[in-house]
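S.K.: Sending over a structure as C-alpha cells; questions will come in a sec.
The values are calculated or read from the model by the stated rules, or taken from the named source; none is laboratory data. Keep in mind it's a predicted model, so treat the numbers as computed, not measured. We place every Cβ from the backbone using ideal geometry, glycine too, and count neighbours over all the protein chains shown.
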Amino acid sequence: MSTTKQGATALRLDEGTELREGYAEVGDVTLHYVEAGEGPMIVLLHGFPEFWYGWRLQIAPLAAAGFRVVALDTRGYNLSSKPEGFGAYGVDLLAEDIRGLIRALGADSARLVGHDWGGTIAWTTAMNHPEVVDRLAILNAAHPRRLSEGLHHPSQLRKSWYFFFFATPGLPEDVVHARDWHFFRHFLQDANPAYTQEEMDRYTEAWSQPGAAAGMINYYRASVRQSQKEAAAKLRPLSAPTLVIWGERDSYLGRDLAEPHRDDVPNLDRVERLSDASHWVHHDEPDRVNQLLIDFFAPARTVS
C-alpha cells in the first residue's frame with residue numbers, strides 16, 4: 001500500500017523558490033520528499049553523502065521548464081525511514097522504493113535523474129521496473145556491470161578504497177562522526193571548497209538525524225555482501241532512452257566507467273563528458289547540466 005501526506009509548511013530554497021514538502025508511505029518505509037512545479041514528473045535521486053538538498057541548483061530551473069520536480073531523501077537519509085541492518089538496503093529494495101514513490105504521488109511513470117548512489121538506484125529501477133521509467137539521466141554513476149568490471153582493476157580499486165572501508169562493521173560510523181563530520185565534509189568539498197555556513201549546516205543537520213550515519217553506510221555493506229555472480233545474473237537490458245552526464249575530473253570513478261555497454265543500454269542517447277567538472281558535476285556546472293536535462297526530457301508543458 002502506498003499513501004502520501006503533504007506537509008503543511010512550505011520550504012524555500014536559497015533563491016526563494018517555494019517547495020511543497022511531503023511524505024510517502026511506500027511498503028514498510030516512509031520517504032520524505034520536496035517538490036516544485038507542475039507537469040511531467042522528474043524524480044531526482046541524490047548520492048552519498050547528500051540528501052534532497054543536493055539538488056538545490058536543479059529544482060527551480062527544471063520546475064520553470066515545465067516539470068513537476070520531486071527530490072527525495074532515499075531510505076536511510078535525513079527525514080526518511082532508517083531501517084536497521086544492511087539487509088534493508090539492497091539495491092532491489094531501493095529501486096522498489098522509487099517505483100512505489102512514483103505511484104504514491106499519482107503518476108504512472110516518471111523521468112529519473114540519479115547521481116552517484118542515486119544513479120545506481122536509477123539504473124536498477126529502470127532495469128527492474130521499466131514501466132515506471134520514461135527516460136533516464138545518469139550523473140557520474142557507472143552502470144552496475146561496468147562498475148563490477150572496473151573493480152577488477154587496481155587503478156579503480158585505489159579510487160574505491162572507501163567503498164570497502166564502509167563495508168566493515170561499526171568503525172565507519174565512529175569515523176564519520178569524528179571532528180564534526182570531517183569525513184563527509186571532505187567528500188562534499190571535493191566539489192566546492194567554498195560552501196557557505198548555511199549550506200554546511202543543512203548537511204550536518206541531515207547527517208545528525210538519529211540512525212542516518214548507519215543508514216547511509218549500510219548502502220555499501222549491502223552492496224559488498226551481494227556476490228558479483230548474483231548481481232550479474234539480475235542485470236538485463238533497459239529500454240528507457242538514457243543520457244549519461246560525466247564529470248571528467250572524478251576522483252572516485254575512472255573515466256572509462258562512463259560508457260555503458262550498448263547491449264545493456266541499447267537506447268543510449270549519448271555520454272556527455274564535461275571536462276572541467278568533478279564527480280559532483282551538478283554542483284560544478286549546474287547551468288550546463290540543467291540545460292542538458294531540460295533538452296533531453298523535453299517536450300514539457302510550459303507553466304504560466
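S.K.: Surrounded by 18 or more Cβ atoms within 10 Å (Cβ to Cβ), modelled with pLDDT of 95 or more and out of contact with any Cys (no Cβ under 9 Å at 6 or more places or on another chain): does that describe F86?
M.R.: Numbers: surrounded by 18 or more Cβ atoms within 10 Å (Cβ to Cβ): yes; modelled with pLDDT of 95 or more: no; out of contact with any Cys (no Cβ under 9 Å at 6 or more places or on another chain): yes.
No, not satisfied.
S.K.: Here's a follow-up. Could you pull out the residue among A240, A233 that is surrounded by 15 or more Cβ atoms within 10 Å (Cβ to Cβ) and not aromatic (F, W, Y)?
M.R.: Working: A233 fails: surrounded by 15 or more Cβ atoms within 10 Å (Cβ to Cβ).
Sole residue among the options that is surrounded by 15 or more Cβ atoms within 10 Å (Cβ to Cβ) and not aromatic (F, W, Y): A240.
S.K.: With the condition kept exactly as written, say whether any residue in the range 89-108 is among the aliphatic types (A, V, I, L, M) and within 23 Å of E272 (Cα to Cα).
M.R.: Step one: filter the range 89-108 for residues among the aliphatic types (A, V, I, L, M), giving 91, 93-95, 98, 101-102, 104-105, 107.
In the following step, the residues that additionally are within 23 Å of E272 (Cα to Cα) were identified as none.
Looking for residues that are among the aliphatic types (A, V, I, L, M) and within 23 Å of E272 (Cα to Cα), one finds none in the range 89-108, hence no.
S.K.: Name the helices (runs of 4 or more DSSP H) wholly inside the range 210-296 in which the number of residues that are closer than 16 Å to A137 by Cα is 1 or more.
M.R.: 281-284
S.K.: Let me ask something else about it. In the range 21-42, how many residues are surrounded by fewer than 21 Cβ atoms within 10 Å (Cβ to Cβ) and closer than 8 Å to V69 by Cα?
M.R.: Number of matching residues: 1.
S.K.: Quick check on my filter: what residues within the range 243-266 are in contact with an Asp or Glu (Cβ under 8 Å, 6 or more places away or on another chain) and surrounded by 14 or more Cβ atoms within 10 Å (Cβ to Cβ)?
M.R.: So the first thing to find is which residues in the range 243-266 are in contact with an Asp or Glu (Cβ under 8 Å, 6 or more places away or on another chain), and the list is 243-249, 251, 255.
Hits for the range 243-266 are L243, V244, I245, W246, G247, E248, R249.
S.K.: Tell me, yes or no, whether the range 216-225 has at least one residue that is modelled with pLDDT under 85, farther than 17 Å from H282 by Cβ and surrounded by fewer than 17 Cβ atoms within 10 Å (Cβ to Cβ). Walk me through how you get there before you give the answer.
M.R.: Taking the range 216-225 and keeping what is modelled with pLDDT under 85, we get 224-225.
From what is left, the residues that are farther than 17 Å from H282 by Cβ are 224-225.
Subsequent filtering for residues that are surrounded by fewer than 17 Cβ atoms within 10 Å (Cβ to Cβ) retains 224-225.
Yes, the conditions are met somewhere in the range 216-225.
S.K.: It is to be established whether one or more residues within the range 68-78 are within 16 Å of L13 (Cα to Cα), within 12 Å of the chain's Cα centre (by Cα) and of a type in the set (S, T, Y).
M.R.: Within the range 68-78, none of the residues are within 16 Å of L13 (Cα to Cα), within 12 Å of the chain's Cα centre (by Cα) and of a type in the set (S, T, Y).
S.K.: Among the polar types (S, T, N, Q), crowded, with 24+ Cβ neighbours inside 10 Å and touching a helix residue (DSSP H, G or I) at 6+ places or on another chain (Cβ under 9 Å): is that true of N128 in this structure? Walk me through how you get there before you give the answer.
M.R.: Numbers: among the polar types (S, T, N, Q): yes; crowded, with 24+ Cβ neighbours inside 10 Å: no; touching a helix residue (DSSP H, G or I) at 6+ places or on another chain (Cβ under 9 Å): yes.
Spelling it out, it is not the case that N128 is among the polar types (S, T, N, Q), crowded, with 24+ Cβ neighbours inside 10 Å and touching a helix residue (DSSP H, G or I) at 6+ places or on another chain (Cβ under 9 Å).
S.K.: What residue, among those in the range 109-140 that are aliphatic (A, V, I, L, M) and out of contact with any strand residue (DSSP E or B) (no Cβ under 6 Å at 6 or more places or on another chain), is nearest to E272 (Cα to Cα)? Let's see the steps before the verdict.
M.R.: Step one: filter the range 109-140 for residues aliphatic (A, V, I, L, M), giving 110, 112-113, 121-122, 126-127, 132-133, 136-139.
Right, trim to out of contact with any strand residue (DSSP E or B) (no Cβ under 6 Å at 6 or more places or on another chain) and you get 127, 132.
Numbers: M127: 22, V132: 24 Å.
My answer is M127.
S.K.: Could you check how many residues of the range 84-108 are touching a helix residue (DSSP H, G or I) at 6+ places or on another chain (Cβ under 9 Å), within 25 Å of D295 (Cβ to Cβ) and touching a residue at least 60 places away in the same chain (Cβ under 8 Å)?
M.R.: Initial filter on the range 84-108 (touching a helix residue (DSSP H, G or I) at 6+ places or on another chain (Cβ under 9 Å)): 84-99, 102-103, 107-108.
Next, only the ones that are within 25 Å of D295 (Cβ to Cβ) stay: 98, 102, 107-108.
If we keep only those that are touching a residue at least 60 places away in the same chain (Cβ under 8 Å) too, we end up with 102, 107.
Counting residues in the range 84-108 that are touching a helix residue (DSSP H, G or I) at 6+ places or on another chain (Cβ under 9 Å), within 25 Å of D295 (Cβ to Cβ) and touching a residue at least 60 places away in the same chain (Cβ under 8 Å) gives 2.
S.K.: Report the residue count in the range 1-40 for those that are assigned to a loop (DSSP other than H, G, I, E, B) and modelled with pLDDT of 85 or more. Before you say what the answer is, go through the steps one by one.
M.R.: Of the range 1-40, the ones assigned to a loop (DSSP other than H, G, I, E, B) are 1, 7-10, 13-17, 27-28, 37-40.
Cutting the leftovers down to modelled with pLDDT of 85 or more gives us 27-28, 37-40.
Here the count works out to 6.
S.K.: Follow-up question, since we're still on this one. For S109, are the conditions met, namely being out of contact with any Lys or Arg (no Cβ under 9 Å at 6 or more places or on another chain), hydroxyl-bearing (S, T, Y) and surrounded by fewer than 18 Cβ atoms within 10 Å (Cβ to Cβ)? Let's see the steps before the verdict.
M.R.: Details: out of contact with any Lys or Arg (no Cβ under 9 Å at 6 or more places or on another chain): yes; hydroxyl-bearing (S, T, Y): yes; surrounded by fewer than 18 Cβ atoms within 10 Å (Cβ to Cβ): no.
Answer is no for this residue.
S.K.: Against the condition at pLDDT 95 or above and out of contact with any Ser or Thr (no Cβ under 8 Å at 6 or more places or on another chain), how does G76 come out, does it pass? Spell out how you get there, then give the answer.
M.R.: Numbers: at pLDDT 95 or above: yes; out of contact with any Ser or Thr (no Cβ under 8 Å at 6 or more places or on another chain): yes.
Taking the combined requirement at face value, the residue satisfies it.
S.K.: When you scan the range 168-190, do you find a residue that is among the small types (G, A, S) and within 18 Å of G47 (Cα to Cα), even just one?
M.R.: The answer is no; no qualifying residue exists.
S.K.: Show me the helices (runs of 4 or more DSSP H) found entirely inside the range 102-208 where at least 3 residues are at pLDDT below 95.
M.R.: Working: elements: 117-128, 144-150, 154-159, 161-166, 171-189, 197-207.
Hits in the range 102-208: 144-150, 154-159, 161-166, 171-189, 197-207.
S.K.: Surrounded by fewer than 23 Cβ atoms within 10 Å (Cβ to Cβ), in contact with a Lys or Arg (Cβ under 6 Å, 6 or more places away or on another chain) and modelled with pLDDT of 95 or more: does that describe S81?
M.R.: Numbers: surrounded by fewer than 23 Cβ atoms within 10 Å (Cβ to Cβ): yes; in contact with a Lys or Arg (Cβ under 6 Å, 6 or more places away or on another chain): yes; modelled with pLDDT of 95 or more: yes.
It is true that S81 is surrounded by fewer than 23 Cβ atoms within 10 Å (Cβ to Cβ), in contact with a Lys or Arg (Cβ under 6 Å, 6 or more places away or on another chain) and modelled with pLDDT of 95 or more.
S.K.: With respect to E18, determine if the residue is free of Cβ contacts under 8 Å to residues at least 24 places away in the same chain, touching a strand residue (DSSP E or B) at 6+ places or on another chain (Cβ under 7 Å), surrounded by fewer than 23 Cβ atoms within 10 Å (Cβ to Cβ) and not polar (S, T, N, Q). Spell out how you get there, then give the answer.
M.R.: Numbers: free of Cβ contacts under 8 Å to residues at least 24 places away in the same chain: yes; touching a strand residue (DSSP E or B) at 6+ places or on another chain (Cβ under 7 Å): yes; surrounded by fewer than 23 Cβ atoms within 10 Å (Cβ to Cβ): yes; not polar (S, T, N, Q): yes.
So E18 fits the description; yes.
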